[in-house]
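Notes for the one structure printed next.
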Amino acid sequence: MPRHIQPQIRPAFVEQAVRSNWALIKVISVFAVGVELFNIIRVIFYSPSGLTTPNNWTYFAFYASLFLAAAVFLCADALGSRNLSLKVRYGILQFAGSFFVLWQALFAAFDLSTSLSVGKISGVATMVAFAALFLMEPLYAVVNITAGYLIMLAYLVTLNDPGAVLNYVIMGMMTLVIYFARYHGICIELTQAGRIEDINRALEETEEQFRLSSEQYDLLLRQGNLIAFRWDIKEDVIRFSPAWKDVFDLPQQIDHIRDKVETGQRLNDQQKKTLLHCLTEAYATSAYQKQEVLLPVKGGKERWFEVHIAFQHGRDGQPVVGVGLLFDIMDQKDRILELEREVSLDAFTRTLNKTALESYGTRRLAQLEPRQQMVLLILDMDDFKTINDTYGHQAGDHVLVQLASLMNALAPARCRVGRLGGDEFAAIFDPPCTRYTAENYAARLIEAVRRIEWEGKPLPAACSIGIAACPGGGAYDALYAAADKALYEAKRQGKGRYRFAGSQP
């Protein structure tokens, strides 16, 4: 694990961190001032007990401390903090980030202690957002993220709930993985930008260097194992390093590049559109450009590349030569997709988590037409506490894992299964799902759950299910509320059954 940033990229890293983090903290502060002011008023004037209970005093202290910290930051920003040195502003941001992480961790631990639910994810969500958005050095990140999770875990371990503790530990590890993946990408980007600037600076040192001969440029292209290129804008000719032919099986020199892109048989319409946009933007702005493109390589497959290009200008200020590099970023793309998949899964059952399920449902409803409908099924175990109390938490965990496996195994096509929290699960059915499909799935689940065993012996496992449907363009919250109400009706009618929202018992 790297503890410090490489000296050659540290100045650029600090400058980017200050620019990015300052804007982020400013947005958070504006939001915090409004939200915490509302919370302070709510606790003092609208809470039945006011400030007469220890809990309300504690909540008031949390709200007031974040309100004051955010207000101080906004005042400092308004009074001209930009006149401070880069080093001082960097220090202020590090202190602000640590304060926010500490505040959120303590608040999350206290909030968990005042309710019976350990499924609250505000603290975890904040840690993930901190790792994904706040630009920081490795040692600082590890200390703050670890400290935040340890504070929350300090309370969770007192609940004697190994499943909850394990989930938080796994999310803490995933948070660190997300941070280091982003940190690694930023370091690569800064290093590559520095290399491009070095090449451009070297080419502009003298008029002779500015007008490189073909032989001199070939020598430059042979340095390193990347794909380098030189774009002679006036002649509209691009010459590539030898690696170009190895990867794409195309000539190292391409004349009239725009015409070749427009008429190329190996490129699809979207690829042509992207490349033509890159060429147009590059020539119009003649500033440093970076663009991700998906290109067909030798063998017929497609891979993602990142294109970097810097320009040299003539005496009239017009771009004359473009010098650039192509980086294969397919592995990086795959790693990011894998991380996104891991973050969207419930760590215990390996089904979608609540956030991923809600996000998918909201997005799909917006995409569907009014004549289409999406169906939501919510399942809740009946008297699940009895299993934990009688057979132990290991048996309860076994039931949840088996339930997740059954839901996936019995799910029809175009169905996504997820865990909402605790012993509550859900399934989303995409069109052309019918009411019969959802009800048949529910009936099979109810029967399958009754057959779950623990160590070869039957368990009193049972579940109730609520189902609702919503046309395209509807609101996911309304669909969820309808399915939840149907679940309640199924429970009220004796449990171990399902109800479709709006149907008669």
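Using a 1.4 Å probe and ignoring any ligands, DNA or RNA, find the accessible area of TYR391 and quote it in Å² to the nearest 10.
100 Å²
Where Lys and Arg each count +1 and Asp and Glu each count -1, what net charge lies around HIS393 among other residues with Cβ under 11 Å from its Cβ?
Local net charge: -2.
Relative to the Cα centre, what is the charge dipole magnitude of the chain, using +1 at the beta carbon of each Lys and Arg, -1 at the beta carbon of each Asp and Glu, and rounding to the nearest 20 debye?
960 debye
In the set (i) 88, 56, 44; (ii) 85, 49, 45; (iii) 91, 62, 49, which value of Cα extents along the principal axes in Å was calculated from the structure you see?
(i)
Would you mind telling me the share, in percent, of accessible area of the chain contributed by carbon and sulfur at probe 1.4 angstrom?
Reported share for carbon and sulfur atoms: 58 percent.
What percent does the relative contact order of the chain come to when contacts are Cα pairs within less than 8 Å and at least six residues apart?
9 percent
Quickly estimate the mean residue ellipticity at 222 nm for the chain, helices only: each DSSP H run with n ≥ 4 gives -39500 (n - 2.57), and the total goes over all residues, rounded to 500.
-19000 deg cm²/dmol
Once label points are set 7 Å from the Cα along Cα→Cβ at both LYS26 and ASP77, what is their separation, rounded to one decimal in nm?
Placing both labels 7 Å along Cα→Cβ, they lie 0.5 nm apart.
For LEU357, what charge total do you get from the other residues with a beta carbon under 12 Å from its beta carbon, if Lys and Arg give +1 and Asp and Glu give -1?
+2
Which one, ALA105, TYR476, SER344, projects farthest toward the positive side of the charge dipole computed for the chain from Cβ point charges (K/R +1, D/E -1)?
Positive-end residue among those listed: TYR476.
Residue separation times 0.36 nm, minus the C-alpha to C-alpha distance between ILE257 and THR191: what's the value?
Residue separation times 0.36 nm, minus the Cα-Cα distance, leaves 20.9 nm.
Assuming R0 = 30 Å, what is the FRET efficiency of ASP389 and VAL157, from their Cβ-Cβ distance, to the nearest 0.05?
E between ASP389 and VAL157, to the nearest 0.05, is 0.90.
Principal axes first, then extents: for the Cα atoms of segment 420-505, list largest minus smallest coordinate on each axis, whole Å, largest first.
Principal-axis extents of the Cα atoms in segment 420-505, largest first: 47, 26, 25 Å.
Over the chain, give the accessible area per residue in Å² for a 1.4 Å probe, as an integer.
About 53 Å² of surface per residue is accessible.
At ALA147 and ASN268, where each label point lies 7 Å from the Cα along Cα→Cβ, what is the point-to-point distance in nanometres?
Roughly 4.9 nm, to one decimal.
The values are calculated or read from the model by the stated rules, or taken from the named source; none is laboratory data. A quick note: this is a predicted structure, and the numbers were derived from the prediction, not measured. A quick note on method: Cβ atoms are made from the backbone with ideal geometry, for glycine too, and the neighbour counts reach across all protein chains shown. All accessible areas refer to the heavy atoms of the entire protein, side chains included, with ligands and DNA or RNA removed. Shrake-Rupley method; radii C 1.70, N 1.55, O 1.52, S 1.80 Å.
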